[in-house]
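Down below is the structure, laid out as structure tokens.
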Amino acid sequence: MPEIRVDENRCKGCELCTKACPKECISMSQTFSVTGYYPAQLAKQDCCIGCGLCAQICPDLAISVWK
Ligand code: SF4
Ligand code: SF4
């Protein structure tokens with residue numbers, strides 16, 4: 001299955017990716033990153049279809065999609 005990786009050092013916690021994902025695979029972490037934000041994370045296993053919308057919408061280039 002495809003998956004995403006979120007660079008916590010880049011993520012500013014804007015939540016745009018959670019709204020962009022058509023499968024609602026992304027949620028926000030409950031734990032602060034070292035930069036002081038709640039970063040996005042892949043919330044569900046075997047959820048991502050690799051469409052890349054989350055990576056495209058992220059203003060901080062924090063998401064990479066792996067297929
Ligand atoms: S690549 Fe597509 S399906 Fe996967 S997490 Fe991003 S928006 Fe959701
Ligand atoms: S769109 Fe980018 S910066 Fe915003 S929450 Fe998602 S990964 Fe973080």
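Every number here is computed from the coordinates shown, using simple stated rules; none is lab data. What you see is a predicted model; the values in this text were computed from it and never measured. Methodologically, a virtual Cβ is constructed for each residue, glycine included, from the backbone with ideal geometry; neighbour enumeration extends over all protein chains shown.
Ranking Cys21, Cys54 by Cβ neighbours within 10 Å, fewest first, what do you get?
On the way: Cys21 22, Cys54 26.
Fewest-to-most ranking of Cys21, Cys54: Cys21, Cys54.
Give me the extension gain from Lys19 to Leu53: residue separation times 0.36 nm, minus the current Cα-Cα distance, reported in nm with one decimal. Kindly include the intermediate steps, with their values, before the conclusion.
Numbers: separation 34, 0.36 × 34 = 12.24 nm, distance 0.99 nm.
The Lys19-Leu53 span can extend by a further 11.2 nm.
Could you calculate the contour length gain from Trp66 to Thr31, that is, 0.36 nm times the residue separation minus the distance between their Cα atoms, to one decimal place in nm?
Working: separation 35, 0.36 × 35 = 12.60 nm, distance 2.37 nm.
Gain on extension, Trp66 to Thr31, equals 10.2 nm.
Can you give the local net charge around Cys58? Use residues other than it whose beta-carbon is closer than 11 angstrom to its beta-carbon, Lys and Arg +1, Asp and Glu -1. Don't skip to the end; give the middle numbers.
Working: positive: Arg10, Lys12; negative: Asp7, Glu15, Asp60.
That works out to -1.
Loop only per DSSP, at most 15 neighbouring Cβ atoms within 10 Å: give me the GluC sites (Glu not before Pro) in the range 3-66, ordered by residue number.
On the way: sites: Glu3, Glu8, Glu15, Glu24; in loops: Glu8, Glu15, Glu24.
Here the GluC sites (Glu not before Pro) that fit, given the DSSP loop and packing criteria, are Glu15, Glu24.
Normalized C-alpha radius of gyration of the chain, against 2.2 N^0.38 Å? Display every interim value, and only then the final one.
On the way: Rg = 10.7 Å, N = 67, 2.2 N^0.38 = 10.9 Å.
Dividing the Cα Rg of the chain by 2.2 N^0.38 Å gives 0.98.
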